[in-house]
Amino acid sequence: MTSEPKAPSAPAAPLPPVGLLPKLIFGSRWLQLPLYVGLIVAQAVYVLLFLKELWHLVAHSFDASEQQIMLVVLGLIDVVMISNLLIMVIVGGYETFVSRLNLTGHPDEPEWLGHVNASVLKIKLAMAIIGISSISLLRTFIEAGNLGTTRSNFTETGVMWQVLIHMTFIVSAVGIAWVDRLSESGHRKEAEHG
C-alpha cells in the first residue's frame, strides 16, 4: 500500500496591511499588563494576611472561645474567596482582554478558562462577590448577639445596610445573568436565521 504524495496546498492569501491607528488602538491592550501585575502583588499581600491570621488562630486556639475561632476561620475563608476572585480577574481578564496564555493541554489549566469570555467573566465575578458578601454577612450575624452592648462592632442600622447591600449584589447578579441569557438567545436566533 503506497501513499500518494499530497498536493501542496494553495498559499494563504496575504493579510491586508493594518494602518498605524488600528495598530495603536489594538496595541493599547498591553497597557493593562501593569494592572494585572499589580493584582498579582495584591494576591501576595492576601497570602501574607492569610498566614498572619492563621498564625494568630493557631497561637490563640487554646485561650479563644468557639465564637472567636469561628470568626477567625470565617475571616480566613473571606481571604481565600477574595484571593479566588483575584485569580479569576487576573487570569480571565488577561486571557480575555490582553493576550492568550496558551495553556491548552497543560495539566493545571483551569477548567473554566477554555470557555471564558467577558460575559462569563462578569457572571463568575458577580457570583464571587456574592460569596464574599455572604461570608461577611455571616460574620456579622454571628456577632449580632452583642448588638446594643459595648462589645458589638455593629449597630442595627449597620446590619440592615449590610443586608441591603448583599441583596443588591444578588439582584445585580441575577440581572447580569438575565441580560446575558437574553443576549445569548438573540445571537442564537440570528445564527438560526442567517
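The values are calculated or read from the model by the stated rules, or taken from the named source; none is laboratory data. Fair warning: this is a prediction, and the values are worked out from it, not measured in the lab. Note that we place each Cβ from the backbone using ideal geometry, even for glycine, and neighbour counts take in every protein chain shown.
Tabulated results
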| quantity | calculated |
| --- | --- |
| Subset tally (residues that are within 18 Å of residue 131 (Cβ to Cβ), touching a helix residue (DSSP H, G or I) at 6+ places or on another chain (Cβ under 7 Å) and of a type outside the set (A, V, I, L, M, F, W, C)) for region 160-187 | 3 |
| Residues of region 11-66 classified as over 30 Å from residue 92 (Cβ atoms) and either of a type in the set (A, V, I, L, M, F, W, C) or touching a Lys or Arg at 6+ places or on another chain (Cβ under 6 Å) (or both), total | 9 |
| Enumeration of residues in region 129-181 that are of a type in the set (Ser, Thr, Tyr) and modelled with pLDDT of 90 or more | 168, 172 |
